[in-house]
1. For the stretch 45-58, give me each residue that is open to solvent by less than 30 Å² (accessible area, probe 1.4 Å) and at negative phi.
2. When the residues of the stretch 52-94 are filtered to those that are assigned to a loop (DSSP other than H, G, I, E, B) and acidic (Asp, Glu), which remaining residue is nearest to Gly34 (Cα to Cα)?
3. Restricting to the stretch 39-87, count the residues that are modelled with pLDDT under 85 and in contact with a Ser or Thr (Cβ under 6 Å, 6 or more places away or on another chain).
Amino acid sequence: MGRSHHFHLDQGGHSITVNVGPGRDGEIELLVNGKVVAYQQQHGTGLNLLTGELPDDPVRIFRVRVREPRLVPTAPRCTLELDGVERPMPERFLA
């Protein structure tokens, strides 16, 4: 059994957080400013993609990629794609 992973970026005055549940079948939550905007009940190995919106005027759509290694049991990686630019989301370690 694995542990949960938490990724976070502040972007243009907004908070973007991704919570990845433990193990290979845990849920993925995408939060903007503390509110869940996308949810995936289970995730598997490979690429998992979630889409959200930043509440700007006009609204800005973004995507988050969560990559789960297929063969090696290592931590997932998370990337934010906004306005055509990809940024890695650093993992936050919660006590």
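1. Taking the stretch 45-58 as the starting set, the residues that turn out to be open to solvent by less than 30 Å² (accessible area, probe 1.4 Å) are 46, 48, 50, 52, 54.
If the condition is that a residue be open to solvent by less than 30 Å² (accessible area, probe 1.4 Å) and at negative phi, then Asn48, Leu50, Gly52, Leu54 are the ones that fit.
2. Pass one, the stretch 52-94, residues assigned to a loop (DSSP other than H, G, I, E, B): 55-59, 69-76, 83-84, 89-90, 93-94.
Filter once more, keeping what is acidic (Asp, Glu): 56-57, 83.
On the way: Asp56: 16, Asp57: 19, Asp83: 22 Å.
Restricting to residues being assigned to a loop (DSSP other than H, G, I, E, B) and acidic (Asp, Glu), the top hit is Asp56.
3. Kept after step one, since they are modelled with pLDDT under 85, are these residues of the stretch 39-87: 42-46, 68-75.
In the following step, the residues that additionally are in contact with a Ser or Thr (Cβ under 6 Å, 6 or more places away or on another chain) were identified as 68, 70.
Selection size over the stretch 39-87: 2.
Residues are listed down the side, and each one gets a yes or a no for (1) of a type in the set (Lys, Arg); (2) closer than 15 Å to Gln11 by Cβ:
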{"site": "Asn33", "(1), (2)": "no, yes"}
{"site": "Ile61", "(1), (2)": "no, yes"}
{"site": "Val64", "(1), (2)": "no, yes"}
{"site": "Arg67", "(1), (2)": "yes, no"}
{"site": "Arg77", "(1), (2)": "yes, no"}
{"site": "Asp83", "(1), (2)": "no, yes"}
{"site": "Phe93", "(1), (2)": "no, no"}
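The values are calculated or read from the model by the stated rules, or taken from the named source; none is laboratory data. Just so we're clear, the structure is a prediction, and the values are computed from it rather than from any experiment. Because the Cβ atoms are built from the backbone with ideal geometry, glycine has one as well, and the counts that use them run over all protein chains shown. All accessible areas refer to the heavy atoms of the entire protein, side chains included, with ligands and DNA or RNA removed. Shrake-Rupley method; radii C 1.70, N 1.55, O 1.52, S 1.80 Å.
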